[in-house]
Amino acid sequence: MNALPITALYAGLLAFVLLWLSIAVIGHRRRSRVSLGTGEDKGLLQATRAHANFCEYTPFCLILLALLELGGTAAWMLHALGLLLVVGRIAHGVGLMHQPGSFRLRQLGMLATFTVLIAGGALLVARGVLG
């Protein structure tokens, strides 16, 4: 039995987003023949930043989702936050790796991710204060 089925669903979906971002970095590294760092390759820099940004934000958002699920938050709210996180992380990745005109996707991605952080954090703080 899975104690956190909703969080597990979104962690699984996000694993595929991480895989996509990782493969993009590997592809850029092979094409530019850069094994460490980014050299002078702007595309490789964009791909590594998209990957790193995902790795910086996603784990904490999933921790928030798991804590909310353990605390009995309504399934609709968990799905709303999880879906927002998935869409936001994909939008940010696409927006960061593809130029020009993709700045809006980056903004949308970060707005979605920050919304998950703010809503998840606020719900947990309220639960801690109010009991």
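From LEU68, LEU85, grab the single residue that is assigned to a helix (DSSP H, G or I), touching a Gly at 6+ places or on another chain (Cβ under 7 Å) and modelled with pLDDT of 90 or more.
Result of the check over LEU68, LEU85: LEU68.
Would you please name the residue that is surrounded by the most Cβ atoms within 10 Å (Cβ to Cβ), looking only at residues in segment 1-41 that are within 23 Å of LEU84 (Cα to Cα) and among the small types (Gly, Ala, Ser)?
For segment 1-41, the residue satisfying everything is ALA24.
Return the total of residues in segment 1-36 being over 30 Å from LEU70 (Cα atoms) and of a type outside the set (D, E, K, R).
Total meeting the criteria: 11.
State whether one or more residues within segment 49-58 are in contact (Cβ under 8 Å) with a residue 60 or more places away in the chain, in contact with a Phe, Trp or Tyr (Cβ under 6 Å, 6 or more places away or on another chain) and not acidic (Asp, Glu).
no
Criterion first (more than 30 Å from GLY131 (Cα to Cα) and either assigned to a helix (DSSP H, G or I) or within 19 Å of the chain's Cα centre (by Cα) (or both)) does PHE54 satisfy it?
yes
Scan segment 49-75 residue by residue and report those that are under 15 Å from GLY95 (Cβ atoms) and either aromatic (Phe, Trp, Tyr) or open to solvent by less than 40 Å² (accessible area, probe 1.4 Å) (or both).
Once the filter is applied, which keeps residues that are under 15 Å from GLY95 (Cβ atoms) and either aromatic (Phe, Trp, Tyr) or open to solvent by less than 40 Å² (accessible area, probe 1.4 Å) (or both), segment 49-75 yields ALA50, ALA52, ASN53, PHE54, TYR57.
Determine which single condition SER102 fails, assuming it passes every other condition in (1) in contact with an Asp or Glu (Cβ under 9 Å, 6 or more places away or on another chain); (2) of a type in the set (Ser, Thr, Tyr); (3) free of Cβ contacts under 8 Å to residues at least 12 places away in the same chain.
Only one criterion in (1) in contact with an Asp or Glu (Cβ under 9 Å, 6 or more places away or on another chain); (2) of a type in the set (Ser, Thr, Tyr); (3) free of Cβ contacts under 8 Å to residues at least 12 places away in the same chain is unmet by SER102, namely (1).
Sort through LEU44, LEU78, LEU108 and tell me the only one that's open to solvent by less than 50 Å² (accessible area, probe 1.4 Å) and either closer than 23 Å to TYR10 by Cα or at pLDDT 95 or above (or both). Steps first, answer last, please.
Values: LEU44 fails: either closer than 23 Å to TYR10 by Cα or at pLDDT 95 or above (or both); LEU108 fails: open to solvent by less than 50 Å² (accessible area, probe 1.4 Å).
None of the others qualify; the one that does is LEU78.
The values are calculated or read from the model by the stated rules, or taken from the named source; none is laboratory data. A quick note: this is a predicted structure, and the numbers were derived from the prediction, not measured. Cβ coordinates were reconstructed from backbone atoms using ideal geometry, including for glycine residues, and neighbour counts include every protein chain displayed. Just so you know, the surface numbers come from the protein's heavy atoms only, side chains and all, with ligands and any DNA or RNA stripped out. Shrake-Rupley method; radii C 1.70, N 1.55, O 1.52, S 1.80 Å.
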